[in-house]
Amino acid sequence: MGSIRISVYGLCATLAAVATHAEVFTFEPVASNLDRLTTIASTPFYPGNLFVAEQPGRIRLIEYGVLRAAPFLDITDRTRSSGFEQGLTGVALSPAFPANPYIYVHYIRLDQSSRIARFRLLPGPLLAADPASEIELLSLSQPHPTHNCNEVRFGPDGYLYIGCGDGGPPFTPVHDPQSLTELYGKILRIDVNNIPVGQAYGIPADNPFVGTVGARPEIWALGLRNPYRFSFDAANGDLWLADVGQSLWEEINHVPAGTANGVNFGWNRMEGAHCYPNPGCDTTGLWLPAIEYDHNQGCAVVGGLRLRNAFHASLEGRYVYADFCSNTVYAAASSDELSWTSLPLGQSPKPPTGFGIGADGQLYLGTYGVGTASLYRLVLIDLIFGDGFGK
């Protein structure tokens, strides 16, 4: 494994050695012959079900390990997925689902815009969403078929968080991820429960730029290139955010709950913990990654999850993530919540695209493939971790 650089909220150090390890997990197929899986969702109210998104515009339902033939939601008629990064890429169930019967998604429209939309469950015994119930919350034109909006997740505060990339193209993005007048390169935070009359959503009063002249009030954090995946720690509400790098570095950011809103992750002044494109930039006020690795090790980080109540006790408290190009799945751990050490869990059989947790704590991995994608469950073979996990 190549070297992994660890940043302790601004102080970077290269690991002198990697602890003894072995590839201890295998990947057991749960469903196959799917089309470009992007995201996986679950809810304790349907403990045997997984909601799995396919890039062309379908949400499929895995019921107790069996793929249901009829999609949970099919919006292929309005989804553009011809570009490698386009399509249906984000799904979030309402926290009170199904009592609150709404599903929130991000997809690329036929006109190439990013769209955040809400759908409602169909009445009746079949668990399915009504494609005709769509209500648009937000639309953002995309100048290039890369670095779109992607992840949608509810935070522990009940607000909906949306990750939007800088819009591309790579190396010469049209939009400025540092500008508060634009939604590109940002994490947005909106209220979908308390909506003012005539508006599509509300703005949380403590969003950091509410009242700032010229700033978009939806902005919660800035300075991102392509935050394809982020998640919240179920135990303490910490944010874990992976930002896909440009030329040299992939990064994962850990932002503890309670950190003042308005974090600036540094792009396009920094790539990972390094000034971009030239050394010597001003890093004042920028949030540096907890974990980074260079392009000798991979080329596109796929953010994952901090595991809590894990099915495999050996992974309890670990942050699991992957790289799309190397197919390697990692687990990161820390003895002090500051310095993180990553070790490989195994090699995904296909390029990984996203992680999900079942109601029983089992860890699932979605993969890429045009009609050949698979959903896998991680299965423990053996456990050989040394001191690198703080034990």
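Rule-based calculations on the coordinates, nothing more; no lab input. Since we're looking at a predicted model, the values are computed, not measured. All Cβ positions, even for glycine, are placed from backbone atoms using ideal geometry, and neighbour counts span all protein chains on display.
Around G354, which amide H atoms from residues at least 5 apart in sequence, or from another chain, sit under 5 Å from its own amide H, with H modelled in the peptide plane?
Answer set, sorted by chain and number: G366.
Starting from 0 in steps of 10 Å, tell me what percent of the Cα-Cα pairs of region 179-221 lands in each bin.
Histogramming region 179-221 at 10 Å steps yields 32, 53, 15 percent.
I'd like the Karplus ³J(HN,Hα) series for region 88-101: coefficients 6.51, -1.76, 1.60, θ = phi - 60°, whole numbers in Hz, and an x wherever there's a Gly or Pro.
7, 10, x, 9, 9, 7, 3, x, 9, 4, x, 4, 9, x
Can you check what the net charge comes to around G57, using other residues whose Cβ is under 14 Å from the Cβ of G57 (Lys, Arg +1; Asp, Glu -1)?
Around G57, the surrounding residues sum to +2.
Under 5 Å between amide H atoms, partner at least 5 residues away or on a different chain: which partners does R60 have, H built in plane at 1.01 Å?
Result for R60 returns V52, A53, E54, F72.
What does the charge add up to near A260, with Lys and Arg as +1, Asp and Glu as -1, over the other residues with Cβ less than 15 Å from its Cβ?
Details: positive: R189; negative: D157, D206, D238.
That works out to -2.
Give, in whole angstrom and from largest to smallest, the semi-axes √(5λ) of the equivalent ellipsoid of region 4-389, with λ running over the eigenvalues of the Cα gyration tensor.
Details: eigenvalues 167, 146, 72 Å².
Here the semi-axes work out to 29, 27, 19 Å.
Tell me which of P131, L345, G163 sits at the most positive position along the dipole axis of region 4-389, charges placed on C-beta atoms (Lys, Arg +1; Asp, Glu -1).
Working it through, the farthest residue towards the positive pole turns out to be P131.
State, to one decimal in nm², a quarter of the convex hull surface area for the C-alpha atoms of region 173-317, i.e. the direction-averaged projected area.
For region 173-317, the mean projected area of the Cα convex hull comes to 11.0 nm².
List the extent of the Cα atoms of region 82-172 along each of their three principal axes, largest first, rounded to whole Å.
Cα extents, longest axis first: 48, 29, 19 Å.
If you take every DSSP beta bridge whose two residues both sit in region 233-391, what share of them, in percent to the nearest 5, is antiparallel? Please report the intermediate quantities before stating the final value.
Numbers: 33 of 34 bridges.
Here the antiparallel bridges make up roughly 95 percent for region 233-391.
At 7 Å along the Cα-to-beta-carbon direction for both A70 and L126, put a label point, then send me their distance in nm to one decimal.
It works out to 0.2 nm between the two label points.
Out of all DSSP beta bridges with both ends in region 4-389, state the antiparallel percent to the nearest 5.
Bridges in region 4-389 that DSSP calls antiparallel: roughly 100 percent.
Quick check: Cα centre of region 82-116 to Cα centre of region 272-289, how many Å?
Comparing the Cα centres of region 82-116 and region 272-289, I get a distance of 32 Å.
Evaluate the relative contact order of the chain (contact order divided by residue number), counting alpha-carbon pairs under 8 angstrom at least 6 apart; express in whole percent. Don't skip to the answer; put the middle values down first.
Details: 1102 pairs, mean separation 76.0, N = 391.
Relative contact order of the chain: 19 percent.
Within a Cβ distance under 14 Å of D166, other residues only, what is the Lys/Arg minus Asp/Glu net charge? All intermediate terms of the calculation are to be shown ahead of the outcome.
Details: positive: K186, R225, R269; negative: E85, D176, E182, D243, E271.
Value of the local net charge: -2.
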